[in-house]
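Let me begin by presenting the structure, written as structure tokens, before commenting on it.
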Amino acid sequence: MRIRLALTSLGTAAVAVLAIAPTAAQASDPSPTIIGGGTVSSAPWAAQVYASGSFTCSGTIIASQWVLTARHCLSSSMSVRVGSVYRGSGTAASVTATYAQNDLALLRLGTAISTSYSPLASSDPPVGSNNSIYGWGMTCYSGCQPASQLKTATVRVTGFTTDAYGGRAIRSTAVNGNAWKGDSGGPEFYNGLQVGVASTADGSSTQNYGSVAVNRSWIRSVSGV
């Protein structure tokens, strides 16, 4: 599988963006669990992001016509699916416009979707807190397909760094799992609010999520949310 990479710095370690380049070989997944985490049975706010009909990233629906994902997921001929934890299922909607700031992106949908939307945080989580991450990313570090069922894992906030475009990001390490390819754009939650958007990871134990709080006024100005 060809993986689209972008390198940045995390101290002295290289990290990679978590998007999956579109490919036809994404039909099934023999091991639908996050790397060290578990699967989710219900997440009405979860969004699957597609480029030219192929799954590439995760995201969240934050209002009837708005999906929040990562900037490095943006491509031509984009669409989303919402309303199912199973990749390839759910209500499909085309993307009519995209907006970006730092490594966050807003997708305007051509169809209004009524569901439970992801609530957004106005402050970053505290260092030392346990947060939850979600996504349909790859289920091992190499040789795996994206997950067929939405995954979750618990991570612990260790500090703050920059995302793939230089914006503020929440740095965390694994408690029982890690984000990887395909989790890009997926959410990090603290106390029931979305605090982050998956940007980069080191392929071992550390992941960086773009700060929702820092970009909150921009999200509001574009989407009204």
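Could you figure out which of (1) assigned to a strand (DSSP E or B); (2) within 16 Å of the chain's Cα centre (by Cα); (3) small (Gly, Ala, Ser) isn't true of Ser84? With (1) assigned to a strand (DSSP E or B); (2) within 16 Å of the chain's Cα centre (by Cα); (3) small (Gly, Ala, Ser) applied to Ser84, the lone miss is (1). When the range 100-134 is filtered for residues that are surrounded by fewer than 23 Cβ atoms within 10 Å (Cβ to Cβ), of a type in the set (D, E, K, R) and assigned to a loop (DSSP other than H, G, I, E, B), only Asp124 remains. When the range 167-194 is filtered for residues that are outside any strand (DSSP E or B), within 14 Å of the chain's Cα centre (by Cα) and either over 26 Å from Tyr50 (Cα atoms) or among the charged types (D, E, K, R) (or both), the ones remaining, listed by number, are Lys181, Asp183.
In the range 195-219, the residue that is farthest from Leu120 (Cα to Cα) out of those that are aliphatic (A, V, I, L, M) and not in a strand (DSSP E or B) is Val214. Give the residues of the range 151-166 that are part of a loop (DSSP other than H, G, I, E, B) and buried (at least 24 other Cβ atoms within 10 Å of the Cβ), sorted by residue number. Matches in the range 151-166: Asp163, Ala164. Checking each residue in the range 148-204 for being in contact with a helix residue (DSSP H, G or I) (Cβ under 7 Å, 6 or more places away or on another chain) and on the phi < 0 side of the Ramachandran plot picks out Ala164, Tyr165, Ser184. A count restricted to the range 67-92 and to residues that are touching a Ser or Thr at 6+ places or on another chain (Cβ under 6 Å), hydrophobic (A, V, I, L, M, F, W, C) and surrounded by 21 or more Cβ atoms within 10 Å (Cβ to Cβ) stands at 4.
Laboratory data are not the source of any read-out in this text; all were calculated from the coordinates shown. These numbers come from a predicted model, not from an experiment. Quick reminder, even Gly has a Cβ in these numbers, built from the backbone with ideal geometry, and neighbours come from all protein chains shown.
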